[in-house]
Amino acid sequence: MSDPRLDLEALLGTQSRTYKTRQVTDDMVRRPIHVAIALWDQPWKSAKDQKIEGWVIAVDSKRARFVRRGRTTKGDVVERTIAELKNALKNLPGQAWIVTGRRQTLLRAVLEDRGYLVTGSFSEKNRAGKRAAMQRKKDDHAALREAKRTGERPENIQSTPVPTTPAFWWPQFSQSKAQVAEDELVRIATDASSDTVYKGAMCFVASTGDYQLHTQESKASTDELELESLTLALKYLHKIGARQAIIESDSVAALEAVDYILSGEKSDTRRNGSRNSREQNSRRRNPRARRWRGLSPASRSRFDQAWKNLHGHCEVEIRRVLGHAGDPLNQAADQIAYMGLRAIAHPLKQSRPTLKHGIDKALKKAASNAVESIES
């Protein structure tokens with residue numbers, strides 16, 4: 001008896017409670033007040049449970065834009081955050097849409113109990129999200145430095161094991177059959193997905209109908225895998241002999257890495273001459289800016305080599321596209337990468353045909369939406 005085929009919903013994740021908490025609707029986006037809440041914590045010897053916790057509340061409305069921050073050592077970060085939020089919104093007219101971090105289940109539950117409209121993941125459609133994320137990172141790092149300076153950081157920090165699912169297989173799918181004309185502009189969307197524990201997926205989808213999905217054992221961040229996806233796209237362009245192309249990514253960190261990598265190249269090999277000139281001038285003024293961090297040297301080296309191999313053969317522009325904003329190729333790349341990551345945790349015989357079906361479906365939808373976009 002053959003193994004039952006896996007339902008496509010299992011790879012799309014649309015049956016999970018997590019997926020439903022991350023859905024963004026038009027009603028949310030239209031609300032006059034956008035709020036993003038980010039929490040952080042660091043080990044702290046004298047604090048309750050040996051942990052200092054902090055919050056960042058970014059608010060964006062027509063009347064005002066501001067950020068409220070704070071921290072506590074008493075283990076009451078959710079209560080303090082809710083009180084701060086209530087105070088921040090009391091003089092602003094209209095309804096608010098709030099986004100929180102993906103793992104802030106307790107905070108989201110309390111907000112929903114208080115009647116707030118909440119999405120359990122930062123969305124680029126939320127105007128306050130970027131400021132909250134940036135400030136959270138600054139406050140988190142500042143607390144870490146303070147803990148080391150004041151002796152509050154425990155000497156032995158025990159990490160909590162992250163539960164993982166077994167890897168049954170590592171999906172590898174691709175198609176590169178396109179024959180491109182010399183004057184044809186090839187457009188490519190890249191994306192990646194990672195659990196940051198042991199597995200990652202990289203993907204690109206091209207306007208030619210070609211694509212590649214590559215999964216591997218990896219602890220790398222999604223941003224690093226986004227850079228690896230850009231590298232795969234460059235190799236694809238070289239393979240098909242494209243003469244001009246646009247590659248799009250929704251990862252700010254990956255694009256910043258591209259600027260850093262190309263800052264030492266000649267002006268005609270840069271992704272964007274004016275921007276990279278500004279980057280280079282900034283590094284001359286500030287020596288610390290020359291030390292770019294965030295993605296591994298190996299991933300940057302692979303991109304650099306792929307770029308050099310393509311130089312002189314294809315004119316490439318690498319630019320940003322907003323994620324989850326309706327772009328057909330970006331949506332397809334995002335969905336395929338996510339399905340590939342989830343397929344790893346399911347037996348090959350059950351999930352392989354389902355994944356291939358899901359990929360074909362995503363590609364057909366992207367092609368159809370692209371045609372509709374051109375006609376409209």
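Scoring residue 111 on the criteria (1) of a type in the set (A, V, I, L, M); (2) modelled with pLDDT under 90; (3) in a helix (DSSP H, G or I) leaves a single failure, condition (2).
A quick yes/no check of all residues on (1) assigned by TED's automatic domain parsing to the domain that holds residue 66; (2) within 25 Å of residue 86 (Cα to Cα); (3) over 22 Å from the mean Cα position of the chain (by Cα); (4) among the polar types (S, T, N, Q):
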{"residue": "130", "(1), (2), (3), (4)": "yes, yes, no, no"}
{"residue": "139", "(1), (2), (3), (4)": "yes, yes, no, no"}
{"residue": "145", "(1), (2), (3), (4)": "yes, no, yes, no"}
{"residue": "155", "(1), (2), (3), (4)": "no, no, yes, no"}
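For the stretch 179-218, residues that are over 19 Å from the mean Cα position of the chain (by Cα), among the small types (Gly, Ala, Ser) and buried (at least 19 other Cβ atoms within 10 Å of the Cβ) total 2. Within the set 176, 221, the sole residue that is touching a residue at least 60 places away in the same chain (Cβ under 8 Å), assigned by TED's automatic domain parsing to the domain that holds residue 356, surrounded by fewer than 21 Cβ atoms within 10 Å (Cβ to Cβ) and within 30 Å of residue 45 (Cβ to Cβ) turns out to be 221.
If you go through the stretch 55-67 and keep only what is farther than 16 Å from residue 124 by Cα, surrounded by fewer than 22 Cβ atoms within 10 Å (Cβ to Cβ) and in contact with a Leu (Cβ under 8 Å, 6 or more places away or on another chain), you end up with 63, 64.
Taking the stretch 343-354 as the range and being buried (at least 24 other Cβ atoms within 10 Å of the Cβ) and assigned to a helix (DSSP H, G or I) as the test, the residues that pass are 343, 351. Of everything in the stretch 68-95 that is basic (Lys, Arg) and within 14 Å of residue 56 (Cα to Cα), the residue that is surrounded by the most Cβ atoms within 10 Å (Cβ to Cβ) is 71. Of everything listed in (1) farther than 19 Å from residue 144 by Cα; (2) within 26 Å of the chain's Cα centre (by Cα), the single unmet condition for residue 87 is (2).
Find the residue count for the stretch 29-80, including only residues that are in a helix (DSSP H, G or I) and of a type in the set (Asp, Glu).
2
Selection of the stretch 317-358 for residues being in contact with a strand residue (DSSP E or B) (Cβ under 6 Å, 6 or more places away or on another chain), at pLDDT 90 or above and not charged (D, E, K, R) yields 318, 329, 330, 332, 333, 336, 337, 338, 340, 341, 344. With respect to being crowded, with 23+ Cβ neighbours inside 10 Å and either modelled with pLDDT of 95 or more or touching a strand residue (DSSP E or B) at 6+ places or on another chain (Cβ under 9 Å) (or both), residue 228 fits the description. Remark: pairs (first residue in the stretch 201-216, free of Cβ contacts under 8 Å to residues at least 60 places away in the same chain; second residue aromatic (Phe, Trp, Tyr) and surrounded by fewer than 23 Cβ atoms within 10 Å (Cβ to Cβ); Cβ separation under 7 Å; 6+ apart in sequence or on different chains) = 216/170.
May I ask you to verify whether residue 149 is in a helix (DSSP H, G or I), without any contact (Cβ under 8 Å) to a residue 40 or more places away in the chain and over 30 Å from residue 83 (Cα atoms)? Judged against the criteria, residue 149 is a match.
The values are calculated or read from the model by the stated rules, or taken from the named source; none is laboratory data. Just so it is clear, the model here is predicted, and its values are computed rather than measured. For neighbour counting, all protein chains shown are included, and Cβ atoms are generated from backbone atoms with ideal geometry for every residue, glycine included.
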